[in-house]
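Could you have a look at this structure, given as structure tokens, before my questions?
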Amino acid sequence: MYRALTRDIEVVVEPFYLEEQSDPDDDRYVWGYRIVISNHSKMAVKLVTRYWHITDMNGIVDEVTGPGVVGEQPHLKPGDTYEYSSGCPLDTPSGMMFGHYQMETDDGEQFHVKIPAFSLDTPNLLRTLN
């Protein structure tokens, strides 16, 4: 699992390879990831937008932005937790993802909450270190 804490908002990511949705013979590799967002702060926040920076094994970058997550813009009061799952297909057997959420307090203040960088690796992937 991967963790990041920004202004007492914790983001925990757990990626997993989806073998049944992947087809290595067709250069299709799919991962799921579960994210838990916990509000340890004293203020309520709303998740307004998301930004993802996805890099495959060849260094090809894909950037994804949009409103909320999985069609929702959750509002987290102090002590609340929000969990969701999503996925990411790649043309290569490994990659990396990181990003941020734009949060907004009930007073209208906006700030970014870091999503930690995490690796997407197929099981039994052999790596060569130079």
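Per residue, how many Å² of accessible area does the chain show with a 1.4 Å probe? The partial results should precede the final answer.
Details: 7530 Å² over 130 residues.
The answer is 58 Å² per residue.
Find which of Leu90, Pro24, Tyr51 sits farthest along the positive direction of the dipole of segment 2-121, computed with +1 on the beta-carbon of Lys and Arg, -1 on that of Asp and Glu, about the Cα centre.
Farthest along the dipole direction, towards plus: Tyr51.
Treat every Asp and Glu Cβ in segment 1-47 as -1 and every Lys and Arg Cβ as +1, leave all other atoms uncharged, and give the resulting dipole magnitude about the Cα centre to the nearest 20 debye.
Working: 6 positive and 9 negative charges, 147 e Å.
The calculated dipole for segment 1-47 is roughly 700 debye.
Can you tally the net charge around Lys46? Count Lys and Arg as +1, Asp and Glu as -1, for every other residue whose Cβ sits under 13 Å from the Cβ of Lys46. List each step's numbers first, then the result.
On the way: positive: Arg50, Lys77; negative: Glu72, Asp80, Glu104, Asp106, Asp107, Glu109.
Residues near Lys46 contribute -4 overall.
Around Thr92, with a cut-off of 9 angstrom between Cβ atoms, what is the net charge of the other residues, counting Lys and Arg +1 and Asp and Glu -1? All intermediate terms of the calculation are to be shown ahead of the outcome.
Numbers: positive: none; negative: Asp27, Asp56, Asp91.
Here the charged neighbours net out to -3.
Which entry in [x] 12, 42, 29, 14, 4, 0; [y] 12, 47, 36, 6, 0; [z] 14, 50, 32, 4, 0 is this structure's computed P(r) over Cα pairs in 10 Å bins from 0, in percent?
It is the one labelled [x].
Okay, next question. Compute the semi-axes of the equivalent ellipsoid of segment 42-97, taking the square root of 5 times each eigenvalue of the Cα gyration tensor, and list them largest first in whole Å. Walk me through the numbers before you get to the answer.
On the way: eigenvalues 166, 24, 19 Å².
Working from the Cα gyration tensor, I get semi-axes of 29, 11, 10 Å.
Also, quick follow-up: Which length gain, in nm to one decimal place, applies between Glu83 and Tyr51 when the Cα-Cα distance is subtracted from 0.36 nm times their residue separation? Don't jump to the answer; show the numbers that get you there.
On the way: separation 32, 0.36 × 32 = 11.52 nm, distance 1.71 nm.
9.8 nm is the gain from fully extending Glu83 to Tyr51.
Shifting gears a bit: So if I place +1 on the C-beta of Lys and Arg and -1 on the C-beta of Asp and Glu, and nothing else carries charge, what would the dipole magnitude of segment 2-121 be about its Cα centre? I want it in debye, nearest 20.
On the way: 9 positive and 21 negative charges, 139 e Å.
The dipole magnitude comes to about 660 debye.
The values are calculated or read from the model by the stated rules, or taken from the named source; none is laboratory data. Everything numeric here is computed off the predicted structure, so don't read it as measured data. Cβ sites come from the backbone with ideal geometry, for glycine too, and all protein chains shown count toward neighbours. Ligands, DNA and RNA are excluded from the accessible area calculation, which covers all protein heavy atoms including side chains. Shrake-Rupley method; radii C 1.70, N 1.55, O 1.52, S 1.80 Å.
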